[in-house]
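The values are calculated or read from the model by the stated rules, or taken from the named source; none is laboratory data. The structure displayed is predicted, hence computed values, not measured ones. Cβ placement follows ideal geometry from the backbone for every residue including glycine, while neighbour counts extend to all protein chains displayed. Side chains are part of the model used for accessible areas, which takes the heavy atoms of the whole protein and leaves out ligands, DNA and RNA. Shrake-Rupley method; radii C 1.70, N 1.55, O 1.52, S 1.80 Å.
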Amino acid sequence: MLNKQRLFYFLVFLLIGFGAKGQTIELGIAAGGAGYIGDLNQKQPLKISGLSAAAYVKMNLDPYWAVGLHYAYGKIKANDAKSDNSQFRDRNINFKTPLNEVSLQVDFNFFDYFAGGGTKMFTPYLFTGIGTVLFSPKATYDGVEYNVRHYKTEGGNGVPYKNYTFNILYGAGAKVRLKENWGLFTSIGYRTAYSDYLDDVSRKYPSPSTWPEGDSPELRTTRQRLSDPSLSQYGAPGVQRGDFRKRDTYMFVGIGISYTFVSQKCYTF
């Protein structure tokens with residue numbers, strides 16, 4: 001974790017340093033959809049479950065390379081009751097969570113392009129980066145919404161799992177120059193989170209004896225209901241709640257518009 005933090009701060013200082021040298025600055029906004037791949041959606045990587053929005057400030061180092069600071073917001077959700085898998089329907093877990101992500105990304109354009117210049121009007125591009133995301137999974141049963149992170153649905157006497165994590169980003173898109181410094185872009189990007197709890201599902205169904213001592217009967221009943229809402233006694237203690245992958249993944253897809261400020265010290269063609 002410490003090494004990831006050092007890398008993140010190094011890239012921030014690198015971005016500031018390039019900005020101080022008078023490279024081209026690009027601002028952009030985007031909107032689209034968000035998806036999730038994890039314990040409740042294991043096989044549909046293109047499934048959209050909510051909306052997303054994003055903004056960024058980017059330094060175009062040359063027509064091919066750019067480094068940017070990005071913010072993205074999205075909502076993801078899944079519901080076993082709507083699954084076409086009978087075992088998932090029996091399990092009967094659901095969740096939804098907002099995602100607030102801050103990341104540093106590196107773009108690579110295939111062609112000689114940027115919105116303030118370059119010889120091409122269009123380019124496909126790839127991007128990668130590192131970031132951090134805040135999340136807070138909730139579940140709804142019998143019309144009541146619960147912040148399930150605080151109910152320790154997989155047991156334990158300690159503090160709940162963290163509601164933030166680092167992630168690795170990777171994706172692709174296309175850019176088109178519209179007029180002068182304006183550009184249009186579209187992208188699809190996946191984030192591998194260093195957490196398996198975006199959906200509050202990771203390990204096994206717990207034994208009630210693993211929950212904190214001193215729970216009221218009402219709280220214990222609620223914990224059991226949120227941990228195992230199955231319709232057919234699906235979740236015996238020790239049975240796996242989700243899949244065996246150790247990390248959840250989420251996805252943003254969208255279309256946006258950008259404006260590039262070209263400094264007097266910009267590179268020439």
(request) Give the residue, chosen from Lys75, Lys47, Lys82, that is free of Cβ contacts under 8 Å to residues at least 24 places away in the same chain and closer than 19 Å to Ser187 by Cβ. (result) Lys47
(request) For the range 45-85, name all the residues that are out of contact with any Leu (no Cβ under 6 Å at 6 or more places or on another chain), among the small types (Gly, Ala, Ser) and closer than 21 Å to Gln105 by Cβ. (result) Ser52, Ala53, Ala54, Ala55, Ala66, Gly68, Ala72
(message) Looking at Tyr250 and the list (1) modelled with pLDDT of 85 or more; (2) over 17 Å from Thr153 (Cα atoms); (3) aromatic (Phe, Trp, Tyr); (4) outside any strand (DSSP E or B), which single condition is not satisfied?
(response) (4)
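Hey, can you tell me all the residues within the range 159-177 that are over 25 Å from the mean Cα position of the chain (by Cα) and without any contact (Cβ under 8 Å) to a residue 60 or more places away in the chain? Walk me through how you get there before you give the answer.
In the first step, residues of the range 159-177 are kept if they are over 25 Å from the mean Cα position of the chain (by Cα); the result is 176-177.
Val176, the sole residue that qualifies.
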(request) Report, by residue number, each residue of the range 131-156 that is surrounded by fewer than 17 Cβ atoms within 10 Å (Cβ to Cβ) and either touching an Asp or Glu at 6+ places or on another chain (Cβ under 8 Å) or of a type in the set (A, V, I, L, M) (or both). (result) Leu134, Lys138, Val144
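Table: residues versus (1) of a type in the set (Asp, Glu); (2) exposed (fewer than 14 other Cβ atoms within 10 Å of the Cβ); (3) modelled with pLDDT of 90 or more; (4) under 25 Å from the mean Cα position of the chain (by Cα).
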site	(1), (2), (3), (4)
Tyr190	no, no, yes, yes
Val201	no, no, yes, yes
Pro206	no, no, no, no
Asp228	yes, no, yes, no
Pro237	no, no, no, no
(request) Filter the range 199-218 down to residues that are hydrophobic (A, V, I, L, M, F, W, C) and touching a residue at least 60 places away in the same chain (Cβ under 8 Å), then give me how many there are. (result) 1
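What do you reckon, is Val106 out of contact with any Cys (no Cβ under 9 Å at 6 or more places or on another chain) and crowded, with 20+ Cβ neighbours inside 10 Å?
On the way: out of contact with any Cys (no Cβ under 9 Å at 6 or more places or on another chain): yes; crowded, with 20+ Cβ neighbours inside 10 Å: no.
It is false that Val106 is out of contact with any Cys (no Cβ under 9 Å at 6 or more places or on another chain) and crowded, with 20+ Cβ neighbours inside 10 Å.
Counting only residues that are modelled with pLDDT under 50 and open to solvent by less than 60 Å² (accessible area, probe 1.4 Å), how many does the range 12-37 have? First the steps, then the outcome.
The initial filter retains those residues of the range 12-37 that are modelled with pLDDT under 50, namely 18-22.
Keeping just the survivors that are open to solvent by less than 60 Å² (accessible area, probe 1.4 Å) gives 18-19, 22.
The total comes to 3.
Among the residues of the range 175-188, how many are assigned to a strand (DSSP E or B) and surrounded by 15 or more Cβ atoms within 10 Å (Cβ to Cβ)? Spell out how you get there, then give the answer.
Residues of the range 175-188 that are assigned to a strand (DSSP E or B), as a first pass: 175-179, 182-188.
Subset that is surrounded by 15 or more Cβ atoms within 10 Å (Cβ to Cβ): 175-177, 183-188.
Looking only at that region, the number is 9.
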(message) Taking the criterion of being in a strand (DSSP E or B), open to solvent by 10 Å² or more (accessible area, probe 1.4 Å) and among the β-branched types (Val, Ile, Thr), would at least one residue in the range 38-52 satisfy it?
(response) yes
